[in-house]
Amino acid sequence: MTTQQPIIKLHDGNLMPQLGLGVWQASIPDTTQAVLKALEVGYRSIDTAAIYKNEEGVGAALQSASVPRDELFITTKLWNDDQGDPQAALETSLEKLKLDYVDLYLIHWPKPQQDQYVDAWRGLIKLREQGLVKSIGVCNFHTPHLQRLLDETSIAPVINQIELHPLLQQRQLRAWNATHHIATESWSPLAQGGEGVFDQPVIKQLAEKYEKTPAQIVVRWHLDSGLIVIPKSVTPSRIRENFEVFDFKLDKDELSDIAQLDIGNRLGPDPDSL
């Protein structure tokens, strides 16, 4: 079986693995062990955030692993309360991660009522110019938020990381992203443990056909849909399982069948109301 994973070229020219490990809700010790296991399996992209309070765990794993820095792709995120000072927030994150730079820095939520995200975006642009981040993007931005960034700064995010799984496929937003050369990245890609997804007949049938688990079918659906995907797990067997998806592909009919599962079921907060 090949473990050569696909790479996405972002619109700023930087390269990003299409599959990564998410560490949301993981403790610092669990994060360290999960990242070490992921690196051993072959992952090179790790996604954390200031609000996860486990950047130290990622940093500890990177320090003890033998993977060269230039082979890693590390993402962290600017929390809502820190939108007024992205520089200080990033410096804190870098200290915890024990890194000189991150590969991708994201505004975690637009928080439109706060009305600081455009200024925060200008701050991220400066951080990129300083070399403290390689690429800059956003999470959970709807089309009006993205359009405002373009209107007021003329610089588009390289990525919009959004809740996306078979029950919430966000096709309209994905299409807008694609039109503006913004990659779409899926968080909660398995719908938080697969509830309501893994038991769907089409998922079970495809798992049987390809001799894969339902989780592997869903991860493959993200990849074959052109999405960047970061399934979260701290369980070694599942970390490995989620990576063993490069020896098969879903065909167009199978992707169309999974498309029928979309019911607009949002599990996380609505970005307009957070």
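The values are calculated or read from the model by the stated rules, or taken from the named source; none is laboratory data. All values reported here derive from a predicted model rather than from experimental measurement. Neighbour counts are summed over all protein chains in view; Cβ atoms, including those assigned to glycine, are modelled from backbone coordinates with ideal geometry. Note: accessible area is taken over every heavy atom of the protein model, side chains too, but ligands, DNA and RNA are not part of it. Shrake-Rupley method; radii C 1.70, N 1.55, O 1.52, S 1.80 Å.
Points worth noting:
- Selection from segment 247-274 of residues that are buried (at least 18 other Cβ atoms within 10 Å of the Cβ), of a type outside the set (D, E, K, R) and either out of contact with any Pro (no Cβ under 8 Å at 6 or more places or on another chain) or not in a loop (DSSP other than H, G, I, E, B) (or both): 250, 258
- Being open to solvent by 60 Å² or more (accessible area, probe 1.4 Å), at pLDDT below 95 and either assigned to a helix (DSSP H, G or I) or of a type in the set (Gly, Ala, Ser) (or both) is a property that does not hold for residue 172.
- Unique match (being within 15 Å of the chain's Cα centre (by Cα) and under 23 Å from residue 191 (Cβ atoms)) among 74, 46, 107: 46
- Of the residues in segment 230-242, at least one is open to solvent by 30 Å² or more (accessible area, probe 1.4 Å) and touching a Pro at 6+ places or on another chain (Cβ under 9 Å).
- Residue list for segment 193-215, restricted to those being surrounded by 21 or more Cβ atoms within 10 Å (Cβ to Cβ) and assigned to a helix (DSSP H, G or I): 203, 206, 215
- Of all residues in segment 153-168 being in contact with a helix residue (DSSP H, G or I) (Cβ under 8 Å, 6 or more places away or on another chain) and surrounded by 22 or more Cβ atoms within 10 Å (Cβ to Cβ), the one that is nearest to residue 101 (Cα to Cα): 157
- Looking only at segment 88-101, residues that are over 21 Å from residue 29 (Cα atoms) and open to solvent by 60 Å² or more (accessible area, probe 1.4 Å) come to 2 in all.
- Sole residue being more than 22 Å from residue 21 (Cβ to Cβ), without any contact (Cβ under 8 Å) to a residue 12 or more places away in the chain and of a type in the set (Ser, Thr, Tyr), chosen from 153, 179: 179
- Identity of the residue in segment 135-152, in a helix (DSSP H, G or I) and touching a Phe, Trp or Tyr at 6+ places or on another chain (Cβ under 6 Å), that ends up most open to solvent (accessible area, probe 1.4 Å): 143
- Pair list, Cβ under 6 Å, 6 or more apart: segment 103-124 residue within 13 Å of residue 146 (Cα to Cα) and open to solvent by less than 20 Å² (accessible area, probe 1.4 Å), other residue of a type in the set (A, V, I, L, M, F, W, C) and in a helix (DSSP H, G or I): 107/120; 121/149
- Top-ranked residue in segment 190-205 [being closer than 21 Å to residue 232 by Cβ and among the charged types (D, E, K, R); ranked as nearest to the chain's Cα centre (by Cα)]: 195
- Members of segment 1-26 found to be farther than 28 Å from residue 181 by Cβ and surrounded by fewer than 15 Cβ atoms within 10 Å (Cβ to Cβ), listed by number: 1, 2, 3, 25
Per-residue answers, yes or no, for (1) out of contact with any His (no Cβ under 6 Å at 6 or more places or on another chain); (2) of a type in the set (S, T, N, Q); (3) modelled with pLDDT of 95 or more:
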site	(1), (2), (3)
66	yes, yes, no
94	yes, no, yes
110	no, no, yes
114	yes, yes, yes
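- In segment 27-58, residue nearest to residue 81 (Cα to Cα) [restricted to those that are open to solvent by 10 Å² or more (accessible area, probe 1.4 Å) and not in a helix (DSSP H, G or I)]: 53
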